[in-house]
Structures are given as structure tokens and as C-alpha cells.
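Trainee: Starting off with a structure, shown below.
Just so you know, all these numbers are worked out from the coordinates, no wet-lab data involved. Just so we're clear, the structure is a prediction, and the values are computed from it rather than from any experiment. Cβ sites come from the backbone with ideal geometry, for glycine too, and all protein chains shown count toward neighbours.
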Amino acid sequence: MAQILDGLALSKQIKSEIKEEVEKILARKRRAPHLVAILVGNNGASKAYVNSKVKDCEEVGFTSSLIKFPNTVSEAELLEKIDELNKSKAVDGFIVQLPLPEQIDQEKIINAIDPRKDVDGFHPENFGKMALEMDTFLPATPFGILTLLERYNIDTKGKHCVIIGRSRIVGKPMSILMGRKDFPGNSTVTLVHSYTQNIEEYTKHADIVITALGTPDFLKGNMIKDGAIIIDVGITRVDDSSLPKGYRLAGDVDFESCKDKASWITPVPGGVGPMTRAMLMKNTILAYKTSVYND
Ligand code: GUN
């Protein structure tokens, strides 16, 4: 049986470290870090994500604000709000929850965020800095995975890391981060995606597999090698009327067939998800500490 990379336990530890830092800030009579989340529309998963972000803020002692817009909001209205948040001395960081409705150009919105307040690490300036190994906000999910690998002291140097999926939020940045000259990093990286033929030919030879696909139970035990490290970013709602919520959360990894072959594996839920949330808190306190308004 593989050992579990317990993202839930580690996220609690990280949040308690952040809480201690906030207590020190408050003891110096400074204001608490402030994170703002913008939520557009009624997407159930987005609402749940944003609500948990607000809850995390309460837990670590941050101030948080949730700004809601209807699905019909115009690009101009959103841009106006972003401009206001960019200028606000009382806001350290903010996020615009994705996806956005069709009438909104997502790239235009991301580009409008002041990179110094871009705690999601989505702005091209921050993405570029990340790629060039300069200090910046790392996108929360890749940052969470790196932290899991780091705190569990998983050796990544010279390992073959296969990343499944090339999204701007997970796969693409992850592929850059695993190849950088650092720990965790220094891996030989293969990025596979929807046009890759015979994905299993890559995963079978991988020391580390990171799946960010959104296809429940995609990665089976016969697609990985003995002793592989398996990181599951997938979290898909699968209808299940026998459960009170009416759905279960499924990862990309078929845990049952992989668990006896892998050396380390992340569970879903309780793996990458809580780490992502903790890293947003980490980025927010970093934004607070580096803000020109808070010395
Ligand atoms: N949608 C799914 N994941 C994320 C995230 O990390 N940040 C934002 N803003 N939207 C998301």
C-alpha cells in the first residue's frame, strides 16, 4: 500500500503557521491581511470554492470580502470593480473566480488585475516571472503540489515527471515548475494532453505522475510503474443520488487500482484540494508583507 500524501493534514499545519504570523501582525497593532473574492454567476462548484476561501480567511485571521455579480454582468462593470480593488489601500490581494460567463473576455479580466495583488498568480507578468524563476506568486494548485512534495521530502531531482493536462491554472505552470532548478524541481518533464497518442506509454515510464484532466478514474494501476508517485488534481462532481448532496467528488486517479503499486499517492478529497486553499492564504500574506502600504 502506497503512503498517503495527506494534503488535509499539511494544509491545517500551514494554516496554523499563517495564523501565528497574523497574530504577530495584530500584536503590532497593524491591520489584518485582506483578501477579496469576486464571484460571477451561480456555478455550484465556483460558489463552493469561494465560500471555502472565505472560511479559510476566517480561520487564519484574515479579513475577507466576497463580491457577487449576476451572470449578466458586463465586462465594463467587472473592469471597474477590478480598478477599484487595484487602487484600494485596504485590499492586499484579490481573485476573480473562474470560469467567467461567455460575454466576458477572461484574458482581459486577468490582465486588468494589478500583478502585485494577483494572489492567484494568473497575470502574464507573474506567469512570466514564475517561468524565469523570479520571486512571484505561484498559482495556488501548483504551489500546493510543490509544498506537498517539499514537506514530504519527495526526491524529484532527475526523476521523470509526466503531467497530464495543459491548463493555464495547473498543467502548464506545473510543467514549468517541475523542470526548474530548485527543490522540488530538477525533473525531466513530459507534458501530455488531449492530442497525445497513447498517454499510457508515457505514464508507464514516469517516476511522478501529476494528473489535471477532470476525467474521473482515468489513471489506472496498469498505466503506472511500481513505486510511482501519483498526484491527483482532478476533482469532478459525479452524480450519486444515494448521497445527501446528490454527488460525490471523484479524482482523475483510480485509487483502488493504483494504491498498491504507487509509493506515494494523494487522496481525493483530502489531497491537492486543501493544499490549493492553503496556498491562496500563503500568497495573500505574501501580498500583505510586500505591499507598499504595509511595512
Ligand atoms: N477556478 C478553478 N480554480 C481556480 C483558482 O484557483 N482560482 C480562480 N480564480 N478560479 C478558479
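Trainee: Spin-label point model (7 Å from Cα, Cβ direction): what's the Y152 to E21 distance in nm?
Mentor: Simple spin-label model gives 2.3 nm for this pair.
Trainee: At a Förster radius of 41 Å, what calculated FRET efficiency corresponds to the Cβ-Cβ distance of K225 and R28, to the nearest 0.05?
Mentor: Values: r = 52 Å, r/R0 = 1.26.
The calculated FRET efficiency here is 0.20.
Trainee: If you average 1/r over all unlike Cα pairs in the stretch 105-153 and invert the result, what Kirkwood radius do you get in angstrom? Can you show the working numbers first?
Mentor: Numbers: mean 1/r = 0.0871 Å⁻¹.
Averaging 1/r across every pair of different Cα atoms and inverting gives 11.5 Å.
Trainee: Could you give the nm distance between label points at L8 and V238, where each point is 7 Å from its Cα heading toward the beta carbon?
Mentor: Here the modelled spin labels are 1.8 nm apart.
Trainee: Also, quick follow-up: S65's amide H: which non-local residues (gap 5+, or another chain) put their own amide H closer than 5 Å, with H modeled 1.01 Å from N in plane and none for Pro or chain starts?
Mentor: When sequence neighbours closer than 5 places are left aside, the close amide H contacts are L35, V36, A37.
Trainee: Can you compute 3J(HN,Hα) from phi for each residue in the stretch 280-290, using the Karplus curve 6.51 cos²θ - 1.76 cosθ + 1.60 with θ = phi - 60°, rounded to whole Hz and x for Gly and Pro?
Mentor: Here the 3J(HN,Hα) series is 5, 5, 4, 5, 5, 6, 5, 4, 4, 5, 9 Hz.
Trainee: Follow-up question, since we're still on this one. Along Cα→Cβ, 7 Å out, is where each label goes; now give me the distance between the ones at K289 and S167 in nm to one decimal.
Mentor: Taking the two extended label points, one gets 2.9 nm.
Trainee: A follow-up question, please. Would you kindly derive the ³J(HN,Hα) couplings of the stretch 167-172 from the backbone phi angles with the Karplus curve 6.51 cos²θ - 1.76 cosθ + 1.60 (θ = phi - 60°), listing them in order in whole Hz, with x for Gly and Pro?
Mentor: 5, 5, 8, 10, x, 5
Trainee: Ok, one more. Relative to the longest principal axis of the chain, what angle (0 to 90°, nearest 10) does the C-alpha long axis of helix 75-87 take?
Mentor: Helix 75-87 sits roughly 70 degrees off the main axis of the chain.
Trainee: Okay, moving on. For the chain, take every pair of Cα atoms, bin their distances at 5 Å starting from 0, and report each bin as a whole percent.
Mentor: Answer for the chain: a P(r) of 1, 5, 11, 16, 18, 16, 14, 10, 6, 2, 1, 0 percent.
Trainee: Continuing with this model, one more query. Which far-off residues, 5 or more places away or on another chain, put their amide H under 5 Å from the one on V96, with H placed in the peptide plane?
Mentor: Correct list: I38.
Trainee: Would you mind checking which residues have amide H under 5 Å from A206's amide H? H placed 1.01 Å from N; only 5 or more apart, or other chain.
Mentor: Counting only residues 5 or more places away or on other chains, the set is K225.
Trainee: Another question about this same structure. With +1 assigned to the C-beta of every Lys and Arg and -1 to the C-beta of every Asp and Glu, and no other charges, what is the dipole magnitude of the chain about the Cα centre in debye, to the nearest 20?
Mentor: Details: 38 positive and 39 negative charges, 139 e Å.
Taking the Cα centre of the chain as origin, the dipole is about 660 debye.
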